[in-house]
Amino acid sequence: MRLRYSAFLVLPLLPLLLSACGESYTPVDVYMAATPECASWQDGSRYELPRGISVSTTPPVTLPGGGAEFTFVYLVPRGERALFLSRDFNVTAPKGPVLAKAQLVTFYQRTTNSPAEIVEAIPKVPDMLIAGATGEETIWRVRLRVTEKLPARFDVMPPAFEIGLNKYPMRTFTYRYFDDRKAYGLCK
């Protein structure tokens, strides 16, 4: 009888107790640019989120006419999931207003132990990224395009996430046009 009575006292407190055991997370470099000039070329950028989830990107492909094509790669470990708080990948002036919304080209997933040619294409940005059960991690690869002429300096803001009932900011990836390379690139 005492065990049942104790269970009724502890059960309502269980979510609070479990949340107290959660990992501590402090976002690092949420805004990628270290200076307003954003002068140094970066070969890539990886942003770590809680529970082993991450997003990374490399310099975009510069399109004729001044647009660009961007690729973002999300890694989600087995058993984890992340809910998008919006579906927009916004191109903005540096720390400023939205200039354009990047259009989805492809969005696909595969587990890290699957051959690269076996992928599941998704026609729109999904509500949530969920890890597959057959691999240690699931790769979610997003290709986006902006056909409008982009300014010499701009930012790309992927949607923020909710992970484990907590909302987390997403890194603002920073870009500029590098005359010496005749291309847009990540900058810091």
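The values are calculated or read from the model by the stated rules, or taken from the named source; none is laboratory data. This one's a predicted model, so the numbers in the text were calculated from it and none came from an experiment. No Cβ is skipped: glycine too gets one built from the backbone with ideal geometry, and neighbour counts run over all protein chains shown. Only protein heavy atoms, including side chains, enter the accessible area calculation; ligands, DNA and RNA are left aside. Shrake-Rupley method; radii C 1.70, N 1.55, O 1.52, S 1.80 Å.
Looking across the range 119-161, the residues that are among the aliphatic types (A, V, I, L, M) and part of a loop (DSSP other than H, G, I, E, B) come down to VAL119, ILE122, VAL125, ALA131, ALA133, LEU150, ALA152, ALA160. Taking first residues from the range 69-93 that are free of Cβ contacts under 8 Å to residues at least 12 places away in the same chain and partners that are open to solvent by 30 Å² or more (accessible area, probe 1.4 Å) and part of a strand (DSSP E or B), no Cβ contact under 8 Å between residues at least 6 apart in sequence or on separate chains turns up. Scanning the range 129-151 for residues that are farther than 21 Å from GLY44 by Cβ and in contact with a strand residue (DSSP E or B) (Cβ under 9 Å, 6 or more places away or on another chain) yields ILE130, ALA131, GLY132, ALA133, THR134, GLY135, GLU136, THR147, GLU148, PRO151. Screening PHE173 on (1) open to solvent by less than 40 Å² (accessible area, probe 1.4 Å); (2) part of a loop (DSSP other than H, G, I, E, B) shows it passes everything except condition (2). Just so you know, in the range 97-118 the residues that are touching a residue at least 12 places away in the same chain (Cβ under 8 Å) and outside any strand (DSSP E or B) include one that is nearest to the chain's Cα centre (by Cα), and it is ALA102.
Kindly indicate which of PRO123, PRO158, PRO151 is open to solvent by 30 Å² or more (accessible area, probe 1.4 Å), within 19 Å of ALA33 (Cβ to Cβ) and not basic (Lys, Arg). The match here is PRO151.
Exactly one residue out of THR174, THR147, THR134 is modelled with pLDDT of 95 or more and more than 25 Å from ASP29 (Cβ to Cβ): that is THR147.
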